[in-house]
Amino acid sequence: MIQLAAFYMPITQLKAVIIFMEWILLVLLGVVAAMFGSIVGLGGGIVIVPVLMLLGPLLTGETIGHATAVGISLTVLVVTALASTLSYAKRSIVDFRSGWLFFITSGPAAMLGSALTGMLPAGLFQLVFGVFMLLMAALLVARDYMKPFSKQWPIVRTMTDASGQVHTYSYGIVPALAIGFGVGLMSGLFGIGGGSLFVPLMVLLFRFPPHMATATSMFVIFLSSILGSGMHAWLGETDWLLVLALAPGAWIGGKLGAAIAVKMSGKGLLWLLRITLLLLAGQLIIDGVRTF
């Protein structure tokens, strides 16, 4: 009996070590994804969703479905976006008034996208998401070479940040609401937060200062993610244990990303993100074609 107990003791300890390592990896995933997301306004979901889908067996010991991965991502995004928004707000670079306008359509659209996620076959979701990620990587490259639209929109905003610098930009209600709807739909459908579309459009069409566009985007992502994650939770597409593992890292990453974003250009990290998106997109497209 003593020998039998001695035999099972190492197995129990080994399982405990494996579980501990899985949690460490999940916390690190939350930190890295949220840090990248906060720097460029992505929200981190564009990293979390494909990693959970592709590396689910390694991280948790079992496959994670696409709807569950999106539900987890959007729930974690609430934490990431809140941490980033609070950090940016201290620097007075969040345009809350404009953010609420975008949210009028992005919130309901996020709920619609969340409801549609589970209706897509896994292979089709991977294929479409992979193509979407390729487009986002291309947009992240192209935005460095694109010039802001020179049109003067009806609504003019002037804000002064914590450093005393004055920023002036403008936008129209109809295009702002249309962009909010499109971004919200993609956010709920793919669990990405929507900043990958939001920030470039705010900068190029409405001439938002890049750091202010990123900060305001994170505020809108925070609001939209609450509704989108709520829909996934209602549909039973959220693994709360994984959310619990990812959330602490997401909070830390959101704070770190916001601090980095206001102190440096982040070009090196941005290129790393572009390469990461290309690699993840390629793998998703390959898997999607195989299973579609």
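One table, with the values for the structure above:
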quantity: Exposure proxy order (Cβ contacts within 10 Å, fewest to most) of Ser106, Ser150, Ser163; calculated: Ser150, Ser163, Ser106
quantity: Contour excess over end-to-end distance, with Cα ends at Ile260 and Leu120 and 0.36 nm allotted per residue; calculated: 46.7 nm
quantity: Under 5 Å, built H, 5+ apart or other chain: amide partners of Arg207; calculated: Phe149
quantity: Other-chain or far-sequence residues with amide H under 5 Å of Asp95's (modelled H); calculated: Thr216
quantity: Distance in nm between pseudo-label sites at Ile24 and Ser170 (7 Å out along the Cβ direction from Cα); calculated: 5.6
quantity: Rough spin-label spacing in nm, given labels placed 7 Å along Cα→Cβ, for Val131 and Lys151; calculated: 2.7
quantity: Spacing of the two label points (7 Å from each Cα toward its C-beta) at Thr160 and Leu112, in nm; calculated: 4.1
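Every number here is computed from the coordinates shown, using simple stated rules; none is lab data. Given the structure is predicted, the values throughout are model-derived calculations rather than measurements. For neighbour counting, all protein chains shown are included, and Cβ atoms are generated from backbone atoms with ideal geometry for every residue, glycine included.
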